[in-house]
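Okay, so here's the structure we're looking at.
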Amino acid sequence: MQEDAEIAIERLDGAGAAAAVPALTEILRDAVANGASVGFMDFNTSADFERFWQGIAEQVETGAVLLFVARGAEGIVGTAQLHPVGKPNQPHRAEIAKVLVHSGARRRGIGEALMRAAEAQALAMGRDLLVLDTDEAGAARRLYNRLGWTEAGTIPRYALMPDGRDCGSTFFYKALPSPA
């Protein structure tokens with residue numbers, strides 16, 4: 001992917017999410033091909049990734065998921081999801097999921113920009129406690145630590161890497177500042 005100076009972070013509606021499925025499918029395929037533990041295995045196909053994103057687009061349409069993308073001159077290069085928790089006793093909480101940046105667009109601050117957009121949206125919705133989990137050995141841990149997230153702990157063997165090796169997951173939380 002070519003490098004560009006401007007990356008725009010956008011929150012997609014249902015139609016935008018549906019239209020973005022091909023680009024999001026490629027980002028997920030790239031993540032798995034590069035060894036990311038993001039819920040899929042080496043044997044999963046582009047059709048599996050596409051079905052996943054179609055399901056997310058349906059959830060975006062209903063408001064169950066908020067979907068953010070990073071768009072540059074080359075198209076969509078990153079994504080993140082915000083899942084407001086729908087339980088009556090957790091109206092203050094949301095989860096961050098699938099923060100993915102295409103390998104050809106990394107090290108440009110895209111992951112950080114996606115996280116900041118998701119955090120700002122959560123706060124605007126009155127969600128001031130966020131949680132997420134990530135591969136215990138992945139580079140994303142450095143990002144979350146740098147952004148002020150707190151490590152709650154690691155569960156060994158929580159998931160598998162795409163090649164079938166065990167993968168521990170480190171859980172993080174972040175208490176957002178209440179609006180003044």
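The values are calculated or read from the model by the stated rules, or taken from the named source; none is laboratory data. Bear in mind the structure is a predicted one, so any value in this text is a computation, not a measurement. A quick note on method: Cβ atoms are made from the backbone with ideal geometry, for glycine too, and the neighbour counts reach across all protein chains shown. The area values use the complete protein model at the heavy-atom level, side chains included, leaving out ligands, DNA and RNA. Shrake-Rupley method; radii C 1.70, N 1.55, O 1.52, S 1.80 Å.
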Residue 137, sole failed condition from (1) open to solvent by 30 Å² or more (accessible area, probe 1.4 Å); (2) under 18 Å from the mean Cα position of the chain (by Cα); (3) at pLDDT 95 or above: (3)
Selection status of residue 122, more than 16 Å from the chain's Cα centre (by Cα) and either open to solvent by less than 20 Å² (accessible area, probe 1.4 Å) or not β-branched (Val, Ile, Thr) (or both): no
Filtered residues of segment 34-88 (kept if more than 25 Å from residue 106 (Cβ to Cβ), free of Cβ contacts under 8 Å to residues at least 40 places away in the same chain and under 14 Å from the mean Cα position of the chain (by Cα)): none
Qualifying residues in segment 149-173 (those that are outside any strand (DSSP E or B) and out of contact with any Lys or Arg (no Cβ under 6 Å at 6 or more places or on another chain)) - the one most open to solvent (accessible area, probe 1.4 Å): 165
One residue from 109, 16, 78, 104 being touching a helix residue (DSSP H, G or I) at 6+ places or on another chain (Cβ under 7 Å) and either of a type outside the set (Val, Ile, Thr) or within 24 Å of residue 157 (Cα to Cα) (or both): 78
Cβ-Cβ under 6 Å pairs, at least 6 apart or on other chains, segment 125-142 side free of Cβ contacts under 8 Å to residues at least 24 places away in the same chain, far side assigned to a loop (DSSP other than H, G, I, E, B) and open to solvent by less than 50 Å² (accessible area, probe 1.4 Å): none
Candidate set: segment 125-134, residues that are touching a helix residue (DSSP H, G or I) at 6+ places or on another chain (Cβ under 9 Å) and assigned to a loop (DSSP other than H, G, I, E, B); chosen: the one least open to solvent (accessible area, probe 1.4 Å): 127
Residue match in segment 90-106 (condition: open to solvent by 40 Å² or more (accessible area, probe 1.4 Å), closer than 30 Å to residue 22 by Cβ and touching a strand residue (DSSP E or B) at 6+ places or on another chain (Cβ under 7 Å)): yes
